[in-house]
Amino acid sequence: MENIFDIRLVFSQIPAILQYLPVTLKLAIVSMIVSMVLGLPLALIKIKRIPVLTQFSNLYISLIRGMPVLVQLYVVYFGIPLLLRYINQQHGTSYNVNGIPAIVYAFVALAINQSAYNAEILRGSLQSVDKGQIEAANALGMTYGQALRRIILPEAFLVALPALGNSFISLIKGTSLAFVASVIEMTAQGKIIAGRSYRYFEVYVSLAIIYWVITILFEQIINYAEKKLRIPEEAPTLIEESGGER
């Protein structure tokens with residue numbers, strides 16, 4: 001049975017794969033932050049229904065969500081160098097195409113892909129904020145930007161946190177495709193190890209265990225953050241605080 005499946009190899013090669021966990025987490029965290037920065041304006045444009053920009057936002061979200069992330073990685077990986085070479089030829093510039101780190105392509109592709117999904121998450125959470133609070137902020141003389149920063153975004157973030165947490169977990173698993181952009185992260189390292197030993201099944205079982213554990217850890221972190229940040233629906237009454245009516 002050991003010749004078919006070596007359980008000891010599954011666990012013995014996990015430390016070698018985990019050496020590239022920082023790369024995986026860096027890809028996920030940076031891409032998530034950038035996707036939020038890109039997704040928020042898209043969400044606001046759709047809410048405000050700004051002419052032309054709304055159509056562009058709808059097209060962008062539809063296009064990005066309609067393509068597999070793998071295809072987007074290839075488009076970015078091969079498209080950016082072509083674009084820079086074209087700019088060099090047309091404008092006489094000297095951008096060093098070969099000097100761009102491979103991880104940059106993965107950052108760009110993953111952030112763009114995730115921004116389309118996060119835009120819809122943020123749009124729904126922003127629209128869930130009680131309009132009465134926005135009207136009260138206007139009555140106090142706040143601009144929309146001030147109300148957005150002080151009232152709307154904090155409340156919308158709490159509403160969006162579970163969905164954004166799921167989005168982040170999906171992004172962690174999506175980083176496993178970064179190897180197509182020549183980025184060595186956990187999955188790429190696993191493929192390298194498997195290529196040496198030809199024990200591909202054991203390597204992929206090791207990767208499955210690692211991603212599963214990471215997913216559970218981040219689910220617990222997100223649940224903990226949600227409980228800590230959640231605002232009680234009803235404040236305790238004076239009677240309850242004093243131990244009942246006398």
Within the range 127-146, is even one residue of a type in the set (A, V, I, L, M), buried (at least 21 other Cβ atoms within 10 Å of the Cβ) and in contact (Cβ under 8 Å) with a residue 24 or more places away in the chain? no
S167, sole failed condition from (1) within 30 Å of V75 (Cβ to Cβ); (2) surrounded by 15 or more Cβ atoms within 10 Å (Cβ to Cβ); (3) free of Cβ contacts under 8 Å to residues at least 24 places away in the same chain: (3)
Count of residues meeting criterion [surrounded by fewer than 13 Cβ atoms within 10 Å (Cβ to Cβ) and part of a loop (DSSP other than H, G, I, E, B)] in the range 68-105: 6
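Here's the yes/no breakdown for (1) surrounded by fewer than 12 Cβ atoms within 10 Å (Cβ to Cβ); (2) within 20 Å of the chain's Cα centre (by Cα):
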{"residue": "I50", "(1), (2)": "no, no"}
{"residue": "S62", "(1), (2)": "yes, yes"}
{"residue": "F107", "(1), (2)": "no, yes"}
{"residue": "I112", "(1), (2)": "no, yes"}
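Every number in this text was worked out from the coordinates using simple rules, so none of it is lab data. Keep in mind that what you see is a predicted model, and the values were worked out from it rather than measured. Neighbour counts are summed over all protein chains in view; Cβ atoms, including those assigned to glycine, are modelled from backbone coordinates with ideal geometry.
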